[in-house]
Structures are given as C-alpha cells and as structure tokens.
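The values are calculated or read from the model by the stated rules, or taken from the named source; none is laboratory data. Because the structure is a prediction, the values reported are computed rather than measured. Positions of Cβ are backbone-derived with ideal geometry, glycine not excepted, and every protein chain shown enters the neighbour counts.
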Amino acid sequence: MNTCIDLLIANNDLVLDPSHQPRLVDDLASIAQDIAHLIRDSGLLVELVAERDRLRQRDCLQRIELLVEEDHRLVPGTVRITRHRPGQFQVTAKTVRFGALEVVL
C-alpha cells in the first residue's frame, strides 16, 4: 500500500495522462518531489547560487540541510548536499521506509 501520494509536477505545472487526468507519484518519488519544492520555495537555493563567499555558501548549504532534516520521513543525520557543477546541487538522504533518496536541483 502506498503511504505517500502526490500529484506529479514538472516545469511548475501538473503532468497529465493521455485522458487529461493528473498523474500521481507515490512513495519515494513523492518525497523527492516534496523535498525539491521545499528547497525551491524556501529561497535558499537562489541565495546559494548568488553567493560568492565560500563561508556564506557553506552556511547556506547547512541551512538547506537543516531544513530538509525536518522532514519526518527522512532518517535524521543522513541528508547530504553536494555540488555537481556551478548552479547544480544533489541532495541525498535515507528515507525511513523507502531507502535512498536523490534529488538534483
């Protein structure tokens, strides 16, 4: 049985199936989508990308980690954010029920 169900959002819009009904995501994909939206809506990602000072970048990364850590569906202490290239970050964590989670922002 699915415990986390959400509407699928892509490019800030609902994704519809061929019959024009909203597509659903569940479990791990739902949690990943929620984490991505949480970070985006916080404004911290824009602040991080705009920041040039390394110490302030680390501070911003830590604030994002702490924000994500508040999600009760994640195992505390498992959230990691790494930079892939300028402007692209990867969030990894372990979920309580569904294993490893990965979100690229």
All-but-one check, Glu70 against (1) closer than 16 Å to Leu105 by Cβ; (2) of a type in the set (Asp, Glu); (3) at pLDDT 90 or above, failing number (1)
Residue count for the range 50-83, restricted to those that are of a type outside the set (D, E, K, R), within 28 Å of Leu7 (Cβ to Cβ) and in contact with a helix residue (DSSP H, G or I) (Cβ under 9 Å, 6 or more places away or on another chain): 8
Could you check, for the range 8-30, whether at least one of its residues is among the β-branched types (Val, Ile, Thr), over 15 Å from Arg83 (Cα atoms) and in contact with a Ser or Thr (Cβ under 7 Å, 6 or more places away or on another chain)? no
Near pairs, Cβ below 7 angstrom, 6+ apart or cross-chain, from the range 89-105 (closer than 17 Å to Cys4 by Cα) to any residue that is charged (D, E, K, R) and not in a strand (DSSP E or B): Thr95/Arg73; Val96/Arg73; Phe98/Asp27
